[in-house]
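J.: Have a look at the structure that comes next, please.
Laboratory data are not the source of any read-out in this text; all were calculated from the coordinates shown. Keep in mind that what you see is a predicted model, and the values were worked out from it rather than measured. Note that each Cβ is placed from the backbone with ideal geometry, even for glycine, and that neighbours are counted across all protein chains shown.
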Amino acid sequence: MKENMKSKRIMELREIMKAYPKLVEDYSDQHNGLAQPPLAIPNKGNKIIELTKDFKHIIKNNDFLTLLNQRTSKRRYLNEALSLEELSFLLWATQGVKQVIGRKNHATLRTVPSAGARHPFETYLLVNQVEGLEQGLYHYLALEHKLEFIKSIENQIDRVTEAFGGQAFFGNAPVGFVWTVLPYRTEWRYSTEAQKYCLLDAGHLCQNLYLACEAIGCGTCAIGAYEQNLADDLLGLDSSPSSENDNEFIVYAASVGKVDTEN
Ligand SMILES: Cc1cc2nc3c(=O)[nH]c(=O)nc-3n(C[C@H](O)[C@H](O)[C@H](O)COP(=O)(O)O)c2cc1C
């Protein structure tokens, strides 16, 4: 085996992809009786935007086979705003809460699966063109199915493009979905197995976004290439290494816009 730094680093990082038998002494915080973390980050007193769950008028394509066959990564969007109904649908399809269950400990059941129903993600939106919404950063309140306006970002398009690997189609997209992870939500139950589960869970959000976009005449492209520090900074998050329970950082993103369905 090559003993240079790169191959050592690759070897270490590959370990996160494996399933391990639990270490004997590695009891989770749930096992040790510690209180569970909150199911979601609550509204911090920001301006609230009501969302709908009435999606009948916006679905253009309900045929599952067609959706699968048409799904591609789409990076070119029409210069057209999304309606708030369309945005509501995409938020619901990716993180919508269908039920809150449990007596002692609680869990959410959502439109996507998640290991142990821990759902360790928050959804932020970088809005450029949505009817009725000013440009800026928003946060999805999944438990209430509402949106909160967080802040305007000066030179938003340029700063977002720079933070997301120079990918101008993301900075200019009508909406940028940005998903953060709070690993402790899953670590509380699964301890050192949780990090892999969080990464597996993230894929489900974006796959639902791809299919939901296809259903309403929109297109999306997953974004894994971004500058962690710059992007976290845009959202007001600290990306330094941390084992704190409230640690939150970006893990995935996706651009969204309307596409020309005729061609
Ligand atoms: C985890 C992940 C990260 C990705 N990151 C990017 C990205 O940063 N920029 C980009 O243009 N496409 C990105 N893509 C899209 C892929 O390039 C695309 O899925 C692939 O080329 C296959 O094309 P298709 O989605 O049209 O089938 C990403 C896809 C995935 C699943």
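J.: So, in segment 29-72, how many residues would count as being among the hydrophobic types (A, V, I, L, M, F, W, C) and not in a loop (DSSP other than H, G, I, E, B)?
T.: Within segment 29-72, residues that are among the hydrophobic types (A, V, I, L, M, F, W, C) and not in a loop (DSSP other than H, G, I, E, B) number 6.
J.: Tally time: how many residues in segment 137-157 are under 17 Å from residue 234 (Cβ atoms) and in contact with a helix residue (DSSP H, G or I) (Cβ under 7 Å, 6 or more places away or on another chain)?
T.: 3
J.: Which is crowded, with 18+ Cβ neighbours inside 10 Å and either within 14 Å of the chain's Cα centre (by Cα) or over 21 Å from residue 179 (Cβ atoms) (or both), of 66, 123?
T.: Only one candidate qualifies: 123.
J.: From (1) among the hydrophobic types (A, V, I, L, M, F, W, C); (2) in contact with a Cys (Cβ under 9 Å, 6 or more places away or on another chain); (3) closer than 21 Å to residue 186 by Cα, pick out the condition that doesn't hold for residue 90.
T.: Failed condition: (3).
J.: Conditions first: (1) in contact with an Asp or Glu (Cβ under 8 Å, 6 or more places away or on another chain); (2) crowded, with 21+ Cβ neighbours inside 10 Å. Residue 112 passes all but one, so which condition is the exception?
T.: All conditions are met except number (2).
J.: Let me ask something else. Could you run through segment 169-208 and say how many residues are among the hydrophobic types (A, V, I, L, M, F, W, C) and farther than 27 Å from residue 68 by Cα?
T.: Count: 4.
J.: From 161, 220, grab the single residue that is buried (at least 21 other Cβ atoms within 10 Å of the Cβ) and polar (S, T, N, Q).
T.: One residue alone meets the criteria, 220.
J.: On to the next question. Could you list all residues from segment 208-235 that are touching a residue at least 60 places away in the same chain (Cβ under 8 Å) and either under 12 Å from the mean Cα position of the chain (by Cα) or within 20 Å of residue 158 (Cβ to Cβ) (or both)?
T.: 208, 209, 221, 222, 225, 226, 227, 230, 231, 233, 234, 235
J.: I'd like the residue in segment 27-78 that is touching a residue at least 24 places away in the same chain (Cβ under 8 Å), among the aliphatic types (A, V, I, L, M) and out of contact with any helix residue (DSSP H, G or I) (no Cβ under 6 Å at 6 or more places or on another chain) and, out of all such residues, is nearest to the ligand (Cβ to nearest atom).
T.: 68
J.: Would you confirm whether any residue within segment 193-214 is surrounded by fewer than 23 Cβ atoms within 10 Å (Cβ to Cβ) and on the phi > 0 side of the Ramachandran plot?
T.: Within segment 193-214, none of the residues are surrounded by fewer than 23 Cβ atoms within 10 Å (Cβ to Cβ) and on the phi > 0 side of the Ramachandran plot.
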